Amino acid sequence: MLQQVLQQILQRVPGLLVIALIPFTLLAPSYCPVFFAGYYSFLNLVLLYTSIRTAAGSCIAWIMSVRHSKTDWDSYSSGFVANARYSGLLSSDTMGTHHEITHWIIIPNYKEEINNLRDSLAVLASHDEAGGTYNICLAMEASEEFASDKAKALTREFTRSFQKIIYTVHPSNMPNEMRGKSSNLAWAARYLAGIIPASSSSTTLLTILDADTCLASDYFKSISVKYSGTPFSRRNLQLYTPFSIFDRNSSSVPALVRVLDIAWSAAQLAYLMPGYPFTPALSAYSVPFELAREIGFWDCHWAAMAEDMHMTFKIIVATRGRVQVQQIYSPASQCNIVGRTNSAWSGVKAKTVQLKRHNWGGSLEFSGVFSVLLVKLLGLKDKHAHVVG
């Protein structure tokens, strides 16, 4: 209860700070010039550091992506296992092969064009491993008219392309639940928990993809190798995340939308700077099935609006900070947001709504993280918290 109250207070702090900057910038230069000069210098240092981080991250992303795309993952796996066993990190009875890893790819969507979904599924179906290790779950919403018909058409079309392709329909107006991507994922993941055999749960990875997101085959190969090569004691402490680029329709959207999405990609690349301690999952990511199950899957309440970042922080808290977030240098190819019509104004309006949602989600995560820290500092316990290990 205390944490919820703190969250409701703290989620208003970012907005209040922005409002407070207005009188500060008008009055501070005259009434406290030394303090204002110090603040202004600090702000410029932060901007300089951010620019350096972004430039370094962009260079690293380019170099590592090229190297990643040329990696022979079968050979890499053999060398990785040999070195680990030689170092005593692995023994022959605690190591499976990366070919044994099963992928369940959940694609939550709401009122998405069927051609967008078809294109994303076609890219996945083109991978060599699709028929043997890829399982697709189209997470539909009951509030979308004809959602089941769309899902049925796609499952019929791609039934021979994957090991399995199914769909779930998230009911609308569920009690104590906020509609959105996170609650849709929670519904789909809980359904999968009922059909994934217990014997294969430890070799199953869940990958979350937006409807417009395409991943190359080397993404799945690399996480299979990394996951299978991790000792069992640490396997469920992994989180894999690619970085996003918006290139699928960039030539057909307004310049302002394109620039804003490039800035979004650059902000994500800034996390790739060497030595930077934290990389949140954004949009597309993979998590071990057993880890997701142990923490109660995705949250369905209002604080989970920024589903990807919220899941990252939830895992960090549940594992007491022991989770290892692994950056995968295989970019997630995504579409720029488009409006209801082909006009530039419609595209900019759609981007404005998206930015508003992102900012609100960021504010909720800000309040969530600091409320957890305050509760810990006060020595209180959250009876609803999930702790792994």
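Go through the range 1-44 and count every residue that is within 15 Å of Ser363 (Cα to Cα), open to solvent by 70 Å² or more (accessible area, probe 1.4 Å) and outside any helix (DSSP H, G or I).
Here the count works out to 1.
Take the range 116-137 and flag every residue that is within 19 Å of Thr168 (Cα to Cα) and out of contact with any Phe, Trp or Tyr (no Cβ under 8 Å at 6 or more places or on another chain).
Asn116, Leu117, Arg118, Ser120
For the range 174-203, which residues satisfy the criterion of being more than 30 Å from Phe246 (Cβ to Cβ), polar (S, T, N, Q) and either touching a residue at least 40 places away in the same chain (Cβ under 8 Å) or touching a Leu at 6+ places or on another chain (Cβ under 7 Å) (or both)?
Applying the first criterion (more than 30 Å from Phe246 (Cβ to Cβ)) to the range 174-203 yields 174-177, 190-191, 193-203.
So of that shortlist, the ones also polar (S, T, N, Q) come out as 176, 199-203.
Answer for the range 174-203, where residues must be more than 30 Å from Phe246 (Cβ to Cβ), polar (S, T, N, Q) and either touching a residue at least 40 places away in the same chain (Cβ under 8 Å) or touching a Leu at 6+ places or on another chain (Cβ under 7 Å) (or both): Asn176, Ser200, Ser201, Ser202, Thr203.
Considering only the range 170-182, I want to know if a residue exists there that is modelled with pLDDT of 90 or more, under 18 Å from the mean Cα position of the chain (by Cα) and on the phi < 0 side of the Ramachandran plot.
Looking only at the range 170-182, we keep the residues that are modelled with pLDDT of 90 or more, and these are 170-171, 181-182.
With under 18 Å from the mean Cα position of the chain (by Cα) added as a condition, the list becomes 181-182.
Subsequent filtering for residues that are on the phi < 0 side of the Ramachandran plot retains 181-182.
Yes - at least one qualifying residue is present in the range 170-182.
In the range 304-342, how many residues are within 24 Å of Lys111 (Cβ to Cβ) and not hydroxyl-bearing (Ser, Thr, Tyr)? Full working, then the answer.
Filtering the range 304-342 down to residues within 24 Å of Lys111 (Cβ to Cβ) leaves 304-311, 332-342.
Those still in the list that are not hydroxyl-bearing (Ser, Thr, Tyr) too: 304-311, 332, 334-340, 342.
Within the range 304-342, residues that are within 24 Å of Lys111 (Cβ to Cβ) and not hydroxyl-bearing (Ser, Thr, Tyr) number 17.
Please specify each residue of the range 113-158 satisfying the condition of being of a type in the set (Lys, Arg) and open to solvent by less than 40 Å² (accessible area, probe 1.4 Å). Let's see the steps before the verdict.
Pass one, the range 113-158, residues of a type in the set (Lys, Arg): 118, 150, 152, 156.
Correct list: Lys150 only.
Taking the condition assigned to a strand (DSSP E or B), hydroxyl-bearing (Ser, Thr, Tyr) and open to solvent by 10 Å² or more (accessible area, probe 1.4 Å), does Tyr110 pass? Even if it seems obvious, please write down each step before you answer.
Values: assigned to a strand (DSSP E or B): no; hydroxyl-bearing (Ser, Thr, Tyr): yes; open to solvent by 10 Å² or more (accessible area, probe 1.4 Å): yes.
Against the criterion (assigned to a strand (DSSP E or B), hydroxyl-bearing (Ser, Thr, Tyr) and open to solvent by 10 Å² or more (accessible area, probe 1.4 Å)), Tyr110 does not qualify.
The values are calculated or read from the model by the stated rules, or taken from the named source; none is laboratory data. In this text, all values refer to a predicted model and were calculated from it rather than measured experimentally. Neighbour counts run over all protein chains shown; Cβ positions are idealised from the backbone, glycine included. Ligands, DNA and RNA are stripped out before the accessible areas are found, and what is left, the full protein with its side chains, is counted by its heavy atoms. Shrake-Rupley method; radii C 1.70, N 1.55, O 1.52, S 1.80 Å.
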